[in-house]
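Novice: Have a look at this one before I ask anything.
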Amino acid sequence: MINQILPFLSVAMASLSEEVLLVVKRVRQRKQDGTLYLMAERIAWGPEGKDRFTVSHLYADIRCQKISPDGKAKIQLQLVLHTGESTTFHFSNESTALKDRDVAKELLQQLLPKFKKKANKELEEKNRMLQEDPVLFQLYKDLVVSQVISAEEFWANRLSLNSVEHSLSNNNKQEVGISAAFLADIRPQTDGCNGLRYNLTTDIIESIFRTYPTVKQKYAENVPHNMTEKEFWTRFFQSHYFHRDRINTGLQDIFSECAKEDEKGLKSMVTQGVKNPMVDLLSLEDKTLDEGYGTATVPTTSNSSNKSLRENSNSAIIKRFNHHSAMVLAAGLRKAEAPSDQASETSSTDGNSRDSDLFQPPLKKVKLQEAIEYDDLQGDSVRKTISLNLKKSDRYSHGPIPLQSQHYSTSQDIINSISIIQHEMRSYKPRLTQVMSSSAASSAITALSPGGVLMQGGGQQTINQLVPTDVQSELKHLYTAAGELLRHFWSCFPVSTPFLEEKVVKMKSNLEKFQMTKLRPFQEKIQRQYLSTNLTGHLEEMLQAAYNKFQAWQTRRMMRKT
Amino acid sequence: MKLNIDGLLVYFPYDYIYPEQYSYMLELKRTLDAKGHGVLEMPSGTGKTISLLSLIVAYQKAYPLEVTKLVYCSRTVPEIEKVVEELRKLMDYYTKQTEAKNDFLALALSSRKNLCIHPEVSALRFGKEVDGKCHSLTASYIRAQHHSNPSQPVCQFYEEFDAVGRQVPIPPGIYNLDDLKDFGRRKGWCPYFLARYAILHANIVVYSYHYLLDPKIADLVSKELAKKSVVVFDEAHNIDNVCIDSMSVNITRRTLDRCQTNVETLQNTISRIKETDAAKLREEYSRLVEGLKEANVARETDMYLSNPVLPDEILQEAVPGSIRTAEHFVGFMKRFLEYLKARLRIHHVVQESAPQFLKDIYEKVCIDRKPLRFCAERLRSLLRTLEIADIADFSAITLISHFATLVSTYSKGFTIIIEPFEDRTPTIANPVLHFSCMDPSIAIKPVFGRFQSVIITSGTLSPLDIYPRILDFRPVTVASFTMTLARTCLCPLIVGRGNDQVAMTSKFETREDFAVIRNYGNLLLEMSAIVPDGIVAFFTSYIYMENIVASWYEQGILENIQRNKLIFIETQDAAETSMALEKYQEACENGRGAILLSVARGKVSEGIDFVHHYGRAVIMFGVPYVYTQSRILKARLEYLRDQFQIRENDFLTFDAMRHAAQCVGRAIRGKTDYGLMIFADKRYARADKRGKLPRWIQEHLTDGSLNLTIDETVQLGKHFLRQMAQPFRQEDQLGLSLLTLEQLQSEDMLQKIAQIAQQA
């Protein structure tokens, strides 16, 4: 298929050596002949005879690719970017144009989804973080928008911080179910010349595969070797398997086997019977009338020969819908079941065996009880209890053990001290001869009351009383921004790699930049407003500490170098 | 709580009570006091069963000599089990309150299939197979053979039971089917025969209708039940059909062919036995000369339930000489069989009465009426004598013999219709002889005659007066109870038009109309978008559903519905439908939502409840009239008109409406439940239809919701569902639709309660 893979071919004109997956010659772009390169992370095109790319797109930037319909004179491939721009390549090699285009298309088809997901996920994640966290958003505005640090730097250790949790949430992410109408979503369009065109997306294909594993198997068996993907899907839509109301099965139809498999699956589902005895129609009747009794006419199911074709096809439709719904439901549940199994397994390993299951009454009993229960007639006394599910039962019964238990006073101590106090209180006798005069006492109280002599001044007034709110909020922003930058700065220590070295230098200059562009103007502003310059003292101290550290590090490095 | 019902102390195992339950118990008490029969209609989900049980058990405890036994008949196995569980709850409450040891014996009885614990036999899948296999292990002569030849297999559980089980009474308690099995396993006794034996002295027996109504089984199981029993038929809205079914016989060419082989087998066996053991046949002969006198003696003591197949007068007589010897009887059966074969060789439909048939058979093959009447008894005796192991093989000849006895016994209430082909396929010969019972009172008459109180109850018995008429009995109480509601949790709507104003109806002339089918589809589509979780839709017949589903498929309506919900469809195969049902519930459970397309009169509509989220809306597409072109139905309608003065149309509408009510009633199973009930046919708006709905549905059908378009329905439905989705607490109900003991005792509440019951 892809016969032009040239692994690890370094291309002279590219600045870095990249893995080139495909080279297609004689591709025109904007009426210029040139060569198309598909590399590991980007697609590029360079005009003939030049040693640079005039077009280069990262795969992550590409939203989709479009191809010109078969039969058109020009064989083209269009790339639509996320920005809305598009680039069109025209394959102009007469003999192999179509083949070239298809090879490129298929390779792109495989590559794009990988990058698409990655790019989208990252963007989404960043977006989500900014939306959820207003502080972060402010920080982003302060640092990135005002170009103190670049966006990449900003995210560099943000995302890594979250990556743990991120990957966790990714693992547990709920599997998206399958729309029941996914087959209906494939609206065939007439192409104007007695044909139908089906538009398939990767989502639909995945739905089909998940719902009908047999089709997936067929695909795996046939597609690369016996037929092209397109041919496979064409046959799929032509087969009776898709149009299930058709009954006659052509022998050459590769899907007739699928249909048989499905039939078998349905049969086995039916013979397995149902778990819930309340819906088992077979055992509903206690005593059925023997054959030959009763007025109801016996349904003539045995002899299908006298059923008309239409009736047969009708019942085929009904069967199909039941089967389809069951499969869709099962596909949705399949994923959900797997982790729950795991969970119960893990719980059984940590000492808490699954013995709770043993106490559970059989399904039938539960269903019966459910059926006869009138919850509104019952008083509140019988509330349903939820059984406690313990992962580690010893933790529950003992609780966390304090690290320094000797610092805690025991209850005996407390009781003792209380009794001592009580004892002292009982034997307390005021020495009235040595008390203060009442006038002195009252003046002392006034002095200590709010507004009194002793309560004034002292600089104890809080900032929020002294400083106007706009300055306050600005100060807050400064603090967070400075905190963020300092965090970046300090995270570089100990400086062990050249990368960190580079970063620490950059961060220091960032800090200085911050001091110049942000902190200074703020200081001047509050000076103009005759407010205490003390406000930024702490910030400056923090910055100074960082500078000191940097200085120390630099001198040490110098010494080591010399 | 402890209640005072008209001077009777009733223990009620809940802290609260619905007003209608109190009212229901009052009426029930009156019926028992009068020792008469009653017809009581109370909506499902209002705790009918527990009210019944509480009162009757209290009555039994207070007047042990007046009422000795409660026979509770229900329809399906799960329902039987539910009743027993409720009873267990009641009895637990008794022991807790009185602190006396429970001395009540209550048990459920079901067929061998549900009770067998024999490892091989119980593994069989179909009831018939289990019965046959059981018979081949427990028949008396098999066991006799086992005595002389120990290698002959017998059922160990039955042997054990037979040896000791009868002497030791089963300890008092509540035995559900599973409890019986457990008990049987512990003791090593056969639970089925244990239960059959124990019902004679049990205080409460719960089993299926058939054990009382089907003469073939009633004769075996229920004939010794005491006269002073109270019999309850729960979910009795279909009781007339059960009666009719148990008395009707269909004979096809296949039946006759199988009967032919049966006769040949009998003949061979007889000639073989004649060579080896002629004494056995002679013994049988002399027993037959004695006649059925023994049975007669038993009947005079009034201990046996009379068998409608075997009327009294024939017990006086000995078996007629012409069929007394085995060969003669087989010859007789052969002649009868040939006659039937000849009758089936026809090209046009024949309908005749039983006397006409008897006259014809006498003229053609000289078969008298009298020996025909003894056919069933004579065959039974012969099969016993010949030691036929597998009775199931002889179902064909048994059927023919039953037919012979029935046709010669009843001159009225039956009709014989011979059809050469099915109406739908006139080119394919498939002759059927329908011997059809038209009078449900024949099968139920012995029950009414024998037991002192028979209570017929259900959620849907409207119009109430029709049941006493078609079952031919005189009730002392006839009452319908409404459902008191703190919030209107049911919302019946009649959709008469589509958005294009085309009338929606399943009337025969327009049912294939494209616009009607499309409008039905649109209705379902719109509802699927607004109703959460489950929707159940009922069609009038299976064929109609198939056609509609096919055209919805072609029009792409189903695809659009699939965008909202998964679709499951009832099929004619019960196992397949069970699976679809389970998946449907699963889809409702996990929040995906689903639609179940089903058929009125089908198994789903009769036996499955759609509580809470399993059914937030029920849509009834069309009026579920029975197939009116059937000759059997026509004959029955004629009979009803002549005998009971019930007009054809009245009966048909009654029948359709009770099924419609059953279908829509499936969704409401209690006061905390809620659901839309959508009647999609403009004919429901007519007074004659609407008036036949149960009172508790009719009450909520406002004049404004009689002829809605789809859009209006959607609007009303949305509003209703939004309101119902609000939290609903017990306090909201208290004092209105839920009472404490104090509230119940207040004067004006008692007055209000008196209005709940509406005497018909």
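Novice: Across segment B:698-711, which residue is farthest from B:Val502 (Cα to Cα) among those that are more than 34 Å from the chain's Cα centre (by Cα) and without any contact (Cβ under 8 Å) to a residue 24 or more places away in the chain?
Specialist: B:Asp703
Novice: List pairs: first in segment A:535-552 and over 19 Å from A:Arg520 (Cα atoms) and assigned by the TED database to the domain that holds A:Val495, second of a type outside the set (A, V, I, L, M) and surrounded by 15 or more Cβ atoms within 10 Å (Cβ to Cβ), Cβ under 7 Å, 6+ apart or cross-chain?
Specialist: Pairs that qualify, where the first residue is over 19 Å from A:Arg520 (Cα atoms) and assigned by the TED database to the domain that holds A:Val495 and the partner is of a type outside the set (A, V, I, L, M) and surrounded by 15 or more Cβ atoms within 10 Å (Cβ to Cβ), are A:Phe550/A:Lys508.
Novice: Any idea which residue in segment A:68-79 is modelled with the lowest pLDDT, counting only those that are surrounded by fewer than 16 Cβ atoms within 10 Å (Cβ to Cβ) and either among the β-branched types (Val, Ile, Thr) or over 21 Å from A:Asn199 (Cβ atoms) (or both)?
Specialist: Across segment A:68-79, the extreme among qualifying residues is A:Ala73.
Novice: Sticking with this one: So B:Leu55 ticks every box in (1) surrounded by fewer than 23 Cβ atoms within 10 Å (Cβ to Cβ); (2) more than 12 Å from chain A (Cβ to nearest Cβ) but one. Which box is left unticked?
Specialist: It fails just one condition, (1).
Novice: Give just the number: which of (1) farther than 19 Å from B:Arg666 by Cβ; (2) at the interface with chain A (Cβ under 9 Å from one of its Cβ atoms); (3) buried (at least 24 other Cβ atoms within 10 Å of the Cβ) does B:Ile548 not satisfy?
Specialist: (2)
Novice: Let me ask something additional. Among the numbered criteria (1) without any contact (Cβ under 8 Å) to a residue 60 or more places away in the chain; (2) more than 10 Å from chain A (Cβ to nearest Cβ), which single criterion is violated by B:Arg254?
Specialist: (2)
Novice: Moving on. Quick check on B:Lys35: is it basic (Lys, Arg), assigned to a loop (DSSP other than H, G, I, E, B), touching a residue at least 12 places away in the same chain (Cβ under 8 Å) and not assigned by the TED database to the domain that holds B:Tyr674?
Specialist: Spelling it out, B:Lys35 is indeed basic (Lys, Arg), assigned to a loop (DSSP other than H, G, I, E, B), touching a residue at least 12 places away in the same chain (Cβ under 8 Å) and not assigned by the TED database to the domain that holds B:Tyr674.
Novice: Cβ-Cβ under 7 Å, sequence separation 6+ or interchain: first residue in segment B:278-289 and at pLDDT below 75, partner assigned to a helix (DSSP H, G or I). Which pairs?
Specialist: Correct list of pairs: B:Leu288/B:Ser381.
Novice: Any residue at all in segment B:494-507 that is crowded, with 20+ Cβ neighbours inside 10 Å, touching a Phe, Trp or Tyr at 6+ places or on another chain (Cβ under 9 Å), in contact (Cβ under 8 Å) with a residue 24 or more places away in the chain and assigned to a strand (DSSP E or B)?
Specialist: yes
Novice: A follow-up question, please. Being surrounded by 18 or more Cβ atoms within 10 Å (Cβ to Cβ) and either out of contact with any Lys or Arg (no Cβ under 9 Å at 6 or more places or on another chain) or not aliphatic (A, V, I, L, M) (or both) is the filter here, so list the residues in segment A:88-101 that pass it.
Specialist: Within segment A:88-101, A:Phe89, A:His90, A:Phe91, A:Asp100, A:Arg101 qualify.
Novice: Looking at B:Ala617, is it surrounded by 18 or more Cβ atoms within 10 Å (Cβ to Cβ), in contact (Cβ under 8 Å) with a residue 40 or more places away in the chain and closer than 30 Å to B:Ala725 by Cα?
Specialist: For B:Ala617, the condition - surrounded by 18 or more Cβ atoms within 10 Å (Cβ to Cβ), in contact (Cβ under 8 Å) with a residue 40 or more places away in the chain and closer than 30 Å to B:Ala725 by Cα - is met.
Novice: Which residue is nearest to A:Val23 (Cα to Cα), if the candidates are limited to segment A:38-63 and must be over 23 Å from the mean Cα position of the chain (by Cα) and basic (Lys, Arg)?
Specialist: That would be A:Arg42.
Novice: Can I ask one more? Facing chain A (nearest Cβ under 10 Å) and over 26 Å from B:Leu53 (Cα atoms), is that true of B:Lys128?
Specialist: yes
Novice: Out of segment A:532-551, which residues are closer than 13 Å to A:Leu475 by Cα, surrounded by fewer than 18 Cβ atoms within 10 Å (Cβ to Cβ) and of a type outside the set (Gly, Ala, Ser)?
Specialist: Within segment A:532-551, A:Thr533, A:Asn534, A:His538, A:Glu540 meet the criteria.
Novice: Being in contact (Cβ under 8 Å) with a residue 40 or more places away in the chain, buried (at least 21 other Cβ atoms within 10 Å of the Cβ), within 9 Å of another protein chain (Cβ to nearest Cβ) and not aromatic (Phe, Trp, Tyr) is true for just one of B:Glu41, B:Glu20, B:Glu81, B:Glu85. Which residue is that?
Specialist: After applying the criteria, what remains is B:Glu81.
Novice: Output the residues belonging to segment A:504-525 that are over 12 Å from A:Phe550 (Cβ atoms) and out of contact with any Ser or Thr (no Cβ under 9 Å at 6 or more places or on another chain).
Specialist: A:Lys513, A:Phe514, A:Gln515, A:Met516, A:Arg520, A:Pro521, A:Glu524, A:Lys525
Novice: I've got another one for you. Looking only at segment B:508-531, which residues are in a loop (DSSP other than H, G, I, E, B) and either within 12 Å of another protein chain (Cβ to nearest Cβ) or in contact (Cβ under 8 Å) with a residue 12 or more places away in the chain (or both)?
Specialist: B:Arg511, B:Glu512, B:Val531
Novice: Right, something else. For segment B:206-246, how many residues meet the condition of being within 13 Å of chain A (Cβ to nearest Cβ), under 27 Å from B:Ser480 (Cβ atoms) and among the small types (Gly, Ala, Ser)?
Specialist: 1
Novice: Ok, one more. Consider B:Leu652 carefully, then state whether it is out of contact with any His (no Cβ under 8 Å at 6 or more places or on another chain) and either without any contact (Cβ under 8 Å) to a residue 12 or more places away in the chain or in a helix (DSSP H, G or I) (or both).
Specialist: So B:Leu652 passes the test.
Novice: Just checking, does segment B:380-390 include any residue being in contact with a strand residue (DSSP E or B) (Cβ under 8 Å, 6 or more places away or on another chain), more than 18 Å from B:Gln260 (Cβ to Cβ) and either among the small types (Gly, Ala, Ser) or outside the structural domain of B:Ile632 (by the TED database) (or both)?
Specialist: No, segment B:380-390 has no match at all.
Novice: (1) farther than 21 Å from A:Lys364 by Cβ; (2) among the charged types (D, E, K, R); (3) crowded, with 18+ Cβ neighbours inside 10 Å: which one isn't true of B:Arg166, the others all being true?
Specialist: Exception for B:Arg166: condition (3).
Novice: Continuing with this model, one more query. Identify the single condition in (1) under 24 Å from B:Cys663 (Cβ atoms); (2) out of contact with any helix residue (DSSP H, G or I) (no Cβ under 8 Å at 6 or more places or on another chain); (3) away from chain A (no Cβ under 14 Å) that B:Gly36 does not satisfy, given that it satisfies every other one.
Specialist: (1)
Novice: Can you tell me which residues in segment B:565-586 are of a type outside the set (D, E, K, R), in contact (Cβ under 8 Å) with a residue 24 or more places away in the chain and at the interface with chain A (Cβ under 8 Å from one of its Cβ atoms)?
Specialist: B:Leu566, B:Ile567, B:Phe568, B:Ile569, B:Gln572, B:Ala574, B:Thr577, B:Leu581, B:Gln585
Novice: Here's a follow-up. Please tell me if B:Phe644 is among the aromatic types (Phe, Trp, Tyr) and modelled with pLDDT of 90 or more.
Specialist: no
Novice: Of all the helices (runs of 4 or more DSSP H) wholly in segment B:338-408, which have at least 3 residues that are in contact with a Leu (Cβ under 9 Å, 6 or more places away or on another chain) and either buried (at least 20 other Cβ atoms within 10 Å of the Cβ) or modelled with pLDDT under 85 (or both)?
Specialist: B:375-385
Novice: Out of all the residues in segment B:178-192, is one or more closer than 24 Å to B:Ile632 by Cβ and either assigned to a helix (DSSP H, G or I) or modelled with pLDDT under 90 (or both)?
Specialist: No, that holds for no residue.
The values are calculated or read from the model by the stated rules, or taken from the named source; none is laboratory data. Note that the structure is a prediction, hence the values are computed from the model and not measured. No Cβ is skipped: glycine too gets one built from the backbone with ideal geometry, and neighbour counts run over all protein chains shown.
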